[in-house]
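The values are calculated or read from the model by the stated rules, or taken from the named source; none is laboratory data. Predicted model only: the values in this text are computed from it and were never measured. For neighbour counting, all protein chains shown are included, and Cβ atoms are generated from backbone atoms with ideal geometry for every residue, glycine included. Just the protein is used for accessible areas: all its heavy atoms, side chains included, with ligands, DNA and RNA removed. Shrake-Rupley method; radii C 1.70, N 1.55, O 1.52, S 1.80 Å.
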Amino acid sequence: MQAPARQVDLHTRTNRERLAKLVVALLDHWQLRLPDQAALLGLSAQSRSTIARYRKGEPFADSADLIARAGHLLGIHKALRILFPHDRGLAYRWVSAPNRRFGGAAPLDIMKKHGYEGILAVRRYLDF
């Protein structure tokens, strides 16, 4: 019998530092431009310095919205790794590729246009 997953307290500085590193690395793997990275994190397009601080090890702000977005982005990544276990490149390119499910738009475009709701729509699509 498998032990239940341990809940991680994302309000601690150390865990928010780890989360920031993971998410910034993911956004880099997806090869997103800085304005797109900012949009997915719910930051202004001029938040390059904020993203640079995350890249250098600063923790995410203790913000429910930012932490939820990060969790859903990591959930999208996990689903893609499950769907494309033998093609990591495809898993990383998928968010930027046109998709029939989204009327020919890339999932990234849906997430940027609709913000948090767009991120949820992409995650729901992958989870089903």
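One-quarter of the Cα convex hull surface for the stretch 46-98, in nm²?
5.0
Taking only pairs that are 8 or more places apart or on different chains, how many Lys pairs in the chain have Cα atoms under 23 angstrom apart?
Details: K21/K56; K21/K78; K21/K112; K78/K112; K78/K113.
Lysine pairs, 8 or more places apart or on different chains, close enough: 5.
What does the charge add up to near R13, with Lys and Arg as +1, Asp and Glu as -1, over the other residues with Cβ less than 12 Å from its Cβ?
-2
How large is the accessible surface per residue of the chain, computed with a 1.4 Å probe and reported in Å² as a whole number?
Working: 7890 Å² over 128 residues.
Accessible area per residue: 62 Å².
Counting only Cα, what are the radius of gyration and maximum Cα-Cα distance Dmax of the stretch 9-128, in Å?
For the stretch 9-128, the Cα radius of gyration and maximum Cα-Cα distance read 13.8, 40 Å.
Starting with the highest mean, order 78-91, 42-55, 19-32 by the number of other Cβ atoms within 10 Å, averaged over the residues of each peptide.
Final packing ranking: 19-32, 42-55, 78-91.
Normalised by the empirical 2.2 N^0.38 Å for globular proteins, what value does the Cα Rg of the stretch 14-68 take?
The reported ratio for this selection is 1.00.
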